1. Under 9 Å by Cβ, and 6 or more places apart or on different chains, what pairs join a residue from segment 29-56 that is among the hydroxyl-bearing types (Ser, Thr, Tyr) with one that is surrounded by 11 or more Cβ atoms within 10 Å (Cβ to Cβ)?
2. Determine the pairs where a residue that is over 15 Å from Pro86 (Cβ atoms), located within segment 1-18, has a partner that is buried (at least 21 other Cβ atoms within 10 Å of the Cβ) and small (Gly, Ala, Ser) with Cβ atoms under 8 Å apart, the partner being 6 or more residues away or on another chain.
3. I want to confirm something. Restricting to segment 46-82 and keeping residues that are over 24 Å from Phe100 (Cβ atoms) and assigned to a loop (DSSP other than H, G, I, E, B), which single residue is farthest from the chain's Cα centre (by Cα)?
4. Select from segment 61-90 the residues that are closer than 28 Å to Pro28 by Cα and among the polar types (S, T, N, Q) and write down the one among them that is surrounded by the most Cβ atoms within 10 Å (Cβ to Cβ).
Amino acid sequence: MTHKLKITNGAKTIAAALLTVPEQFTTPPDILRAAFLHEALTKDQPINPTQEQQQEYIKQETEFECTEAQRELLKNSVTKNASRIPPSPHSVSLLTSLGFEQ
């Protein structure tokens, strides 16, 4: 089963950063799943944007697909690393798209 997550590009940046926290994935399949998901989250990021371009980019909403296993992996990463997530509109976008509620 695949999921379509509609989030801001800033939320994609947060999700990608969480997937790179060391020692959270302990099996080769999880490491591979995290690597492929990280690649999908970062593939459209602009290279060397101006500050203005970056600010505009992170506000834009986007939709991306992930498998059920990737979604669960991301949810687990968010849960394990919740203290690293700054309160922002982008974190709200990420957390609500994954089913976390108030």
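Since every read-out is calculated from the coordinates, none of them should be taken as a lab result. These figures come from a predicted structure and were not determined experimentally. Every residue, glycine among them, receives a Cβ derived from its backbone with ideal geometry; neighbour counts consider all protein chains shown.
1. Thr42/Lys12; Thr42/Thr13; Thr42/Ala16
2. Ile7/Ala15; Ile7/Ser93
3. Thr50
4. Step one: filter segment 61-90 for residues closer than 28 Å to Pro28 by Cα, giving 63-85.
Subset that is among the polar types (S, T, N, Q): 67, 70, 76-77, 79, 81, 83.
Working: Thr67: 14, Gln70: 20, Asn76: 13, Ser77: 22, Thr79: 10, Asn81: 15, Ser83: 5.
Applying the filter and picking the extreme gives Ser77.
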